1. By how many nm would the segment from R79 to D49 lengthen if fully extended, with 0.36 nm per residue of separation less the alpha-carbon distance?
2. Counting heavy atoms of the protein chains only and a 1.4 Å probe, report the per residue accessible area for the range 12-99 as a whole number of Å².
3. Past the 15 angstrom mark, what percentage of all C-alpha to C-alpha distances in the range 90-164 do you count?
4. For a label point 7 Å from the Cα of E11 along Cα→C-beta, name the residues of the range 47-79 whose backbone N is under 20 Å from it.
5. So, with +1 on the Cβ of K and R and -1 on the Cβ of D and E, and no other charges, what is the size of the charge dipole of the range 27-175 about its Cα centre, to the nearest 20 debye?
6. Pop out the ³J(HN,Hα) list for the range 165-174 in order, Karplus 6.51 cos²θ - 1.76 cosθ + 1.60 with θ = phi - 60°, rounded to Hz; leave Gly and Pro as x.
Amino acid sequence: MSNSALSLNSEQSFWSDQQLAALKQIGLANAPKAELAVFLHYSQRTGLDPFARQIYMIERGGRFTIQASIDGLRIVAQRSGEYAGQSGPYWCGEDGTWTDVWLEKTPPTAAKVGVWRKGWTEPAWGVAKFDSYNSGSPIWKKMPDTMIAKCAEALALRKAFPNDLSGIYAAEEMEQADAPISAVKTTVELKPVVQQAQVDQTPELLTVLDIISKHKTIEELRESFNAYKTVLDLEFESPNNNALTTLRAEIMERRSVLEGTKTDD
C-alpha cells in the first residue's frame, strides 16, 4: 500500500477503504465507526499522521483515547505560528525546591514545564506529580525524570494551545492506565466516601462518580485518583448511558473536559 493511498486530506468525510485497512492493521479493527470518525477529526485538525504513529487511538476498557507522541504535540504547537519556546523542565523533591537538573538517585516528586505563546508575559505552566503518572514500567524506572518531564510538557502544551490539543494526551501520560491491575479483595476500604464496600459496590461507586463530575480543577481530580486507587478499575453501569465504565475512565474523561475548557488548573 503506497504512502499516497494513506495520505489524509482536509476534505474527506471518512476514512478511505485503504486507510481503514491500514487502521485495522495497527490495532483498530474493532473500533466503532463513530470513534473512527472522531479519530479522523483529530487527525485532520492537528495535521498529524496516524500511519506514521504521530497520533493514534488506544482502546481501554471499551473506551477510546486519542494519544500523540510528545514530538507530535510539539509539531502542532510549532505549526500554529504562535509557539515561542519553553521554560524548563524543572524538577523538585518533597521539599518543593525546583532545580533545572535532577541528580538524585530517587525519582523526583514532580516536574514542571512552561510553554510560551507570542505576546505572552507569562508561560502556561504544566505541573505533573510523579505518583500520578508513574506506571512502574522499565522506562519509568530507568528515566523517571525524563518521563515525568514529558507529562508536564504535555500538560503545558495543552494549556497553551487548547484549541489545537484539547483531548489529546501524550503516551507518557497514559502509561499508568496500562499498568497491571492488582487483584481487588471483596472488601475494599475507601476513604472518605466508600467504607467497607461489600460484594455489590455500585451504589458507593456512583457516589464517587457524582463527586468526580463536580470537580472543577485538575488538582481535585488527582486527589480523587489517589484516594480511590484501589477501585479505579472496578466496572459498574454508568447512569448516563447504561454502559459499563470505571472510575479511571470517568476521571480521564473529566480531565479532558476541564483541559478543553480552561487554560489553567
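The values are calculated or read from the model by the stated rules, or taken from the named source; none is laboratory data. Everything quoted here is computed from the prediction, not taken from an experiment. Every residue, glycine among them, receives a Cβ derived from its backbone with ideal geometry; neighbour counts consider all protein chains shown. Accessible surface is based on the protein model in full, side chains and every heavy atom, while ligands, DNA and RNA are left aside. Shrake-Rupley method; radii C 1.70, N 1.55, O 1.52, S 1.80 Å.
1. Values: separation 30, 0.36 × 30 = 10.80 nm, distance 1.40 nm.
Result for the pair: 9.4 nm of gain on full extension.
2. On the way: 4510 Å² over 88 residues.
That works out to 51 Å² for each residue.
3. The answer is 54 percent, as a whole percent.
4. Correct set: 47-48.
5. Details: 17 positive and 17 negative charges, 80 e Å.
Here the range 27-175 has a charge dipole of around 380 debye.
6. 10, 4, x, 10, 10, 6, 4, 4, 5, 9
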